[in-house]
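Peer 1: My questions all concern the structure below.
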Amino acid sequence: MDTFALEMKGITKQFPGVKALDNVTFSVRKGEIHALCGENGAGKSTLMKILSGVYPHGTYDGQILINGQEVRFKSIKESQDAGVAIIYQELALVEEMSVAENLFLSHEYMRAKIINWNKVYSEAQKWLDQIGLDIDPQTKVGDLTVGKQQLIEIAKALTKKTDILILDEPTAALTESDVEILMKLLNDLRAKGVTCIYISHKLGEVMALADSVTILRDGQTISTDPIRELSEDKIVTKMVGRELKELFPYEARPISNENILEVKNYSAIDESGKTIIDNVSFSLKKGEILGIAGLMGAGRSELFISLFGGLKGKKSGTVLIDDKATDIKRPVDAIKAGLAYVSEDRKRYGLVLGMDIAKNTTLTALNKVMKLKVIDQALEVKRATEINNRMKLKAPNLETKVGQLSGGNQQKVVLSKWILNDPKVLILDEPTRGIDVGAKYEIYKIINELVQQGVGIVMISSELPEVLGMSDRVLVMGGGTITGELSRKEATQEKIMTFATGGKKRESVANS
Amino acid sequence: MNQLPTVENSAKVNRGLSFKVDLQAYTLIIALVLIAIIFGFFTGGEFLSSRNISNLFTQMSVIAVLAIGMTLIIVAGHIDLSVGSLVGLTGGVAAILQVWYDWNTLMAVLAAVVIGAVFGLWQGWWVAYRAVPAFIVTLGGMLIFRGILIGLSKGQTVAPMNASFKEIGNSYFPYIPGYILAVISIVLLFVWTAHNRKKRQSMGLLLPTAKMDYGKISAYSFFILLITYMLNRYLGIPLPILIVVVLAGIFIFISNKTAFGRYVYAIGGNQEAAALSGINIKKNTLWVFITMGALAGVSGVLLTSRLNAATVSAGNMYELDAIAACVIGGTSLIGGKGKIVGALIGALIMASIDNGMSMMNIETFWQYIVKGLILIFAVWIDISSKK
Ligand SMILES: Nc1ncnc2c1ncn2[C@@H]1O[C@H](COP(=O)(O)OP(=O)(O)OP(=O)(O)O)[C@@H](O)[C@H]1O
Ligand SMILES: [Mg+2]
């Protein structure tokens with residue numbers, strides 16, 4: 001019998017109005033990578049927050065044993081001292097500080113109460129080498145990509161004495177190559193005997209990485225199994241509670257040749273004078289799903305935020321919506337013209353976390369719930385309920401603050417908010433990031449419904465299977481411009497990757 | 001976990017939640033009652049006499065009007081340190097126009113409000129369109145407005161005002177109409193609650209138990225009647241209080257029921273998300289400051305009227321009382337959260353402490369210390385009640 005590094009027994013956690021965890025049992029063997037899977041809102045993050053002392057002893061019921069010893073963490077600090085490190089769904093780095101400063105924040109190398117910077121930098125370099133990151137420790141963290149920041153977070157956890165490393169959706173925002181570095185790193189750590197708890201909605205990664213998998217559903221433990229007894233399908237079935245036949249409900253259908261969005265020779269220059277979008281031309285048909293692929297930093301989000309009026313700086317070129325020329329200076333112009341943009345960073349750009357679900361949902365479409373310039377609460381709640389039910393949102397009620405929802409349910413609120421506005425063109429930037437398989441499927445079905453109604457969909461996604469699975473046509477971007485265009489038939493992972501990395505110029509724009 | 005609620009499954013959830021939501025309101029009311037008891041005891045009942053209650057409410061009105069505007073400012077994520085000086089300036093201009101230039105009362109009042117709004121516009125422009133932090137802009141305003149006041153009044157006290165101007169701050173709504181008004185507001189309170197409950201039920205929203213809802217408004221009604229009775233035993237309901245109540249009503253409506261109000265909360269809650277949602281941050285921020293300026297004008301008129309004079313130091317430090325009132329009332333300085341009713345109770349608490357301690361002949365320095373401590377204490381309670 002192996003020994004358990006961690007046992008959580010009979011854990012119950014009650015939030016006002018929600019029982020997030022109900023008598024959960026969770027045991028992790030020493031030195032294994034243990035995946036924790038479950039739908040959005042199943043209680044994964046909550047369980048980990050209990051383990052790491054975010055919710056201190058006394059605010060939950062149940063028992064936690066580390067290496068057979070009962071522990072009662074009253075704060076995050078106490079759990080850290082006991083060797084538990086957690087890396088959150090959201091990053092927790094100080095963007096204005098350097099990599100080295102962040103790595104050793106709160107445990108700097110001191111000599112007589114003065115920080116020994118030479119030592120800090122040389123130690124930081126060692127850690128970076130060890131995790132295989134080629135970054136100068138003096139770089140400002142804010143200048144790194146999200147993926148690199150994520151790796152820095154892990155390095156930061158490792159600089160402290162860590163026996164149990166918890167990763168809450170670490171790869172949600174990573175590029176393929178960063179994911180590879182991360183996987184390799186975790187394998188190294190396993191070899192060194194670090195126990196790792198891994199939360200992810202990407203089951204491919206789970207299958208490749210984990211030794212065992214525990215499934216939560218509706219706040220209860222469903223099962224714990226060794227990986228050899230599982231398959232992706234089995235995990236999905238356990239998570240959702242029923243079988244899911246197909247992952248991408250793509251519907252082949254004739255696509256009209258009417259343009260709903262047409263962009264010609266579009267360039268954008270940011271405030272510092274750097275060209276971020278370089279002479280881009282493309283079109284989107286009514287009822288078409290246009291996938292946008294590319295590596296991180298290819299300018300995909302920038303292009304569409306800029307089209308949406310959300311970037312400062314100069315821009316040139318023509319943008320036609322429904323064959324009408326537009327002059328979009330600010331988001332409000334874009335919304336009026338029929339655009340909607342669902343941001344990839346929902347917490348920062350999508351939601352007002354302290355506001356409730358209903359108010360967030362109607363924020364862009366307030367005029368739809370007003371009578372005589374006065375907000376009609378009954379109408380507001382009605383509209384919000386309809387749309388959120390269509391999205392299968394799980395929440396105690398519409399007056400719940402969105403900050404209290406699980407990540408996936410927050411994403412659904414953002415989608416509701418924009419769909420409520422009846423856009424002509426819906427731009428989805430990583431629409432299923434951090435969303436469970438079941439909910440993904442629902443979102444794809446909603447996309448299908450929308451294209452049936454003639455809405456044009458732009459789907460920016462770093463997940464190639466999703467791009468290939470749902471798009472009618474794929475544009476590949478690189479270096480702020482379009483490097484390739486593929487029809488659904490032509491598109492394969494390899495072709496997309498060649499365009500994305502090779503930077504081959506697209507041959508013809510005219511016939512698109 | 002279920003999908004969005006039907007009425008049944010949300011019913012289970014009720015108790016815990018509504019208690020939590022109202023915790024803030026309860027602490028405030030408990031604090032008020034405690035203050036009343038303590039001062040009542042130490043002044044041999046004098047603090048709770050009709051005359052004093054009438055005084056207390058009139059005294060608080062100047063700060064209360066400011067606190068209404070300050071709630072919007074703070075909810076939007078800003079701060080306004082200039083309101084004290086602006087009260088002095090607008091009140092001073094009204095006095096100068098009337099005493100030196102013979103303007104009639106209506107015109108002088110309008111002038112004060114318009115000038116307040118214009119200076120609000122000026123500050124709002126710097127904050128919204130030039131991105132200078134409100135702290136700096138209004139710190140500048142604090143000096144500038146005081147400077148203008150001293151310049152215009154040549155450092156003199158301007159007095160006396162016309163009788164009609166004096167009445168704004170010193171007249172009373174007499175006996176019978178006072179009761180009628182009280183009864184009307186109580187009836188409205190009940191009708192509105194019943195209506196609201198029915199609406200919430202039909203929408204499947206959380207519903208506090210009927211006992212709780214009606215218990216609460218019964219307590220309010222009792223309070224309204226008691227206050228009316230007390231005030232009527234003296235001279236009636238002071239006009240400044242009516243002004244405060246009407247303004248509060250208007251702004252509560254604006255903050256809950258109009259797009260502008262909703263946007264202010266969204267901007268304070270998450271400016272970037274609000275901007276991408278198509279909300280015009282600059283324009284709405286500008287209007288928040290214009291509103292604050294106009295309300296400072298109203299305050300200025302009230303103050304000048306009550307004192308029957310405008311002095312160069314009028315309104316000094318009022319910004320701090322107004323900010324404290326908001327914060328005690330549960331408005332978060334981070335923005336995005338706050339209620340006007342809370343700010344009014346906060347203003348009443350601050351005024352009670354001033355008033356009670358002067359009645360006890362406690363030296364002024366103690367008043368400062370106690371008010372400072374209460375501010376810190378109130379915020380601490382707010383923070384720890386959320387854990
Ligand atoms: N602070 C809170 N207050 C109230 N309810 C909360 C709070 N935090 C989480 N919840 C609720 O607890 C449940 C579990 O949430 P949790 O964040 O643990 O889900 P999760 O499994 O991590 O989901 P996801 O995959 O979407 O991240 C959800 O229903 C959520 O709404
Ligand atoms: Mg989570």
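Peer 1: Would you list the helices (runs of 4 or more DSSP H) that sit entirely within the stretch B:289-387 and hold 1 or more residues that are open to solvent by 50 Å² or more (accessible area, probe 1.4 Å), within 30 Å of B:Leu152 (Cβ to Cβ) and assigned by the TED database to the domain that holds B:Trp126?
Peer 2: Values: elements: B:318-328, B:340-359, B:364-385.
Correct list: B:318-328, B:364-385.
Peer 1: Which one of A:Ile76, A:Ile64, A:Ile87 is within 16 Å of ligand 2 (Cβ to nearest atom) and either more than 16 Å from A:Leu216 (Cα to Cα) or surrounded by fewer than 16 Cβ atoms within 10 Å (Cβ to Cβ) (or both)? Walk me through it before giving the result.
Peer 2: Numbers: A:Ile76 fails: within 16 Å of ligand 2 (Cβ to nearest atom); A:Ile64 fails: within 16 Å of ligand 2 (Cβ to nearest atom).
Criteria check complete, one pass: A:Ile87.
Peer 1: For the stretch B:127-144, enumerate the residues that are closer than 13 Å to B:His78 by Cβ and surrounded by fewer than 19 Cβ atoms within 10 Å (Cβ to Cβ).
Peer 2: Filtering the stretch B:127-144 for residues closer than 13 Å to B:His78 by Cβ gives B:127-128, B:131-139, B:141.
Correct list: B:Ala131, B:Val132, B:Pro133, B:Phe135, B:Ile136, B:Leu139.
Peer 1: Let me ask something additional. Among the residues of the stretch B:109-116, are any over 20 Å from the mean Cα position of the chain (by Cα), small (Gly, Ala, Ser) and surrounded by fewer than 24 Cβ atoms within 10 Å (Cβ to Cβ)?
Peer 2: yes
Peer 1: Now, a different point. Please report, ordered by residue number, the strands (runs of 3 or more DSSP E) entirely within the stretch A:400-486 with at least 1 residues that are touching a residue at least 12 places away in the same chain (Cβ under 8 Å) and under 21 Å from A:Thr364 (Cα atoms).
Peer 2: It comes to A:425-429, A:456-460.
Peer 1: Please verify whether A:Gly310 is part of a loop (DSSP other than H, G, I, E, B) and within 8 Å of chain B (Cβ to nearest Cβ), treating the condition exactly as stated.
Peer 2: Answer is yes for this residue.
Peer 1: If you go through the stretch A:337-348 one residue at a time, do you hit one that is surrounded by 20 or more Cβ atoms within 10 Å (Cβ to Cβ), under 20 Å from the mean Cα position of the chain (by Cα) and either more than 14 Å from chain B (Cβ to nearest Cβ) or assigned to a helix (DSSP H, G or I) (or both)?
Peer 2: Checking the stretch A:337-348: at least one residue is surrounded by 20 or more Cβ atoms within 10 Å (Cβ to Cβ), under 20 Å from the mean Cα position of the chain (by Cα) and either more than 14 Å from chain B (Cβ to nearest Cβ) or assigned to a helix (DSSP H, G or I) (or both).
Peer 1: Here is a follow-up. Those residues that are outside any helix (DSSP H, G or I) and open to solvent by less than 50 Å² (accessible area, probe 1.4 Å), I need them from the stretch B:160-175; list them, please.
Peer 2: B:Met161, B:Ser171
Peer 1: Got a number for residues in the stretch A:35-58 being within 10 Å of ligand 2 (Cβ to nearest atom), in a loop (DSSP other than H, G, I, E, B) and on the phi > 0 side of the Ramachandran plot? Even if it seems obvious, please write down each step before you answer.
Peer 2: Filtering the stretch A:35-58 down to residues within 10 Å of ligand 2 (Cβ to nearest atom) leaves A:36, A:38, A:40-49.
With in a loop (DSSP other than H, G, I, E, B) added as a condition, the list becomes A:40-43.
If we keep only those that are on the phi > 0 side of the Ramachandran plot as well, we get A:41, A:43.
Number of matching residues: 2.
Peer 1: With the stretch A:59-135 as the region, which strands (runs of 3 or more DSSP E) entirely inside it contain at least 3 residues that are more than 29 Å from A:Ile181 (Cα to Cα) and modelled with pLDDT of 85 or more?
Peer 2: A:61-66, A:69-71
Peer 1: Only one of B:Gly44, B:Gly91, B:Gly84 is of a type in the set (Gly, Ala, Ser) and farther than 26 Å from B:Met292 by Cα; which? Can you show your working first?
Peer 2: Numbers: B:Gly91 fails: farther than 26 Å from B:Met292 by Cα; B:Gly84 fails: farther than 26 Å from B:Met292 by Cα.
The unique qualifying residue is B:Gly44.
Peer 1: Take A:Ile328 and decide whether it is assigned to a loop (DSSP other than H, G, I, E, B), of a type in the set (A, V, I, L, M, F, W, C), within 14 Å of chain B (Cβ to nearest Cβ) and crowded, with 17+ Cβ neighbours inside 10 Å.
Peer 2: Values: assigned to a loop (DSSP other than H, G, I, E, B): yes; of a type in the set (A, V, I, L, M, F, W, C): yes; within 14 Å of chain B (Cβ to nearest Cβ): yes; crowded, with 17+ Cβ neighbours inside 10 Å: yes.
So A:Ile328 fits the description; yes.
Peer 1: Among (1) open to solvent by 10 Å² or more (accessible area, probe 1.4 Å); (2) within 13 Å of ligand 1 (Cβ to nearest atom), there is one condition A:Leu21 misses while meeting the rest; what is its number?
Peer 2: (1)
Peer 1: Can I ask one more? Taking only pairs six or more apart or across chains, which ones have beta-carbon atoms under 7 Å, a first residue in the stretch A:168-186 that is closer than 14 Å to A:Gly132 by Cβ, and a second residue that is within 16 Å of ligand 2 (Cβ to nearest atom) and at pLDDT below 75?
Peer 2: Once the first residue is closer than 14 Å to A:Gly132 by Cβ and sits in the stretch A:168-186, its partners that are within 16 Å of ligand 2 (Cβ to nearest atom) and at pLDDT below 75 give A:Val179/A:Thr171; A:Leu182/A:Thr171.
Quick grid of which residues meet (1) in contact with an Asp or Glu (Cβ under 6 Å, 6 or more places away or on another chain); (2) modelled with pLDDT of 90 or more; (3) under 30 Å from A:Leu295 (Cα atoms); (4) within 14 Å of ligand 1 (Cβ to nearest atom):
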| site | (1), (2), (3), (4) |
| --- | --- |
| A:Ala395 | no, no, no, yes |
| A:Val413 | no, yes, yes, yes |
| A:Ser416 | no, yes, yes, no |
| A:Leu420 | no, yes, no, no |
| A:Val425 | no, yes, yes, no |
| A:Leu428 | no, yes, yes, no |
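Peer 1: Within the stretch B:338-387, how many residues turn out to be without any contact (Cβ under 8 Å) to a residue 40 or more places away in the chain and closer than 28 Å to B:Val75 by Cβ?
Peer 2: Counting residues in the stretch B:338-387 that are without any contact (Cβ under 8 Å) to a residue 40 or more places away in the chain and closer than 28 Å to B:Val75 by Cβ gives 11.
Peer 1: Further question: For the structure I just gave you, tell me whether B:Ile254 is in contact with a Gly (Cβ under 7 Å, 6 or more places away or on another chain), within 14 Å of chain A (Cβ to nearest Cβ) and open to solvent by 10 Å² or more (accessible area, probe 1.4 Å).
Peer 2: It is true that B:Ile254 is in contact with a Gly (Cβ under 7 Å, 6 or more places away or on another chain), within 14 Å of chain A (Cβ to nearest Cβ) and open to solvent by 10 Å² or more (accessible area, probe 1.4 Å).
Peer 1: Another question about this same structure. Looking at A:Ile197, A:Ile181, can you tell me which residue is closer than 29 Å to A:Lys234 by Cβ, within 16 Å of ligand 1 (Cβ to nearest atom), crowded, with 16+ Cβ neighbours inside 10 Å and more than 17 Å from the chain's Cα centre (by Cα)?
Peer 2: That would be A:Ile197, the only listed residue that is closer than 29 Å to A:Lys234 by Cβ, within 16 Å of ligand 1 (Cβ to nearest atom), crowded, with 16+ Cβ neighbours inside 10 Å and more than 17 Å from the chain's Cα centre (by Cα).
Peer 1: Could I ask something else about it? Before we move on, is B:Ser54 at pLDDT below 95 and among the small types (Gly, Ala, Ser)?
Peer 2: yes
Peer 1: Please work out if B:Gly215 is on the phi > 0 side of the Ramachandran plot, more than 14 Å from chain A (Cβ to nearest Cβ) and not basic (Lys, Arg).
Peer 2: No: the conditions fail for B:Gly215.
Peer 1: Ok, one more. Are any residues in the stretch A:365-391 under 18 Å from A:Lys412 (Cα atoms) and either more than 10 Å from chain B (Cβ to nearest Cβ) or crowded, with 18+ Cβ neighbours inside 10 Å (or both), and if so, which ones?
Peer 2: A:Ala365, A:Glu380, A:Val381, A:Arg383, A:Ala384, A:Thr385, A:Ile387, A:Asn388, A:Arg390, A:Met391
The values are calculated or read from the model by the stated rules, or taken from the named source; none is laboratory data. This structure is a prediction, so every number in the text was calculated from the model and none was measured. Counting neighbours? That spans all protein chains shown, and the Cβs are built from the backbone with ideal geometry, glycine included. These area figures cover heavy atoms from the full protein model, side chains too; ligands, DNA and RNA do not enter into them. Shrake-Rupley method; radii C 1.70, N 1.55, O 1.52, S 1.80 Å.
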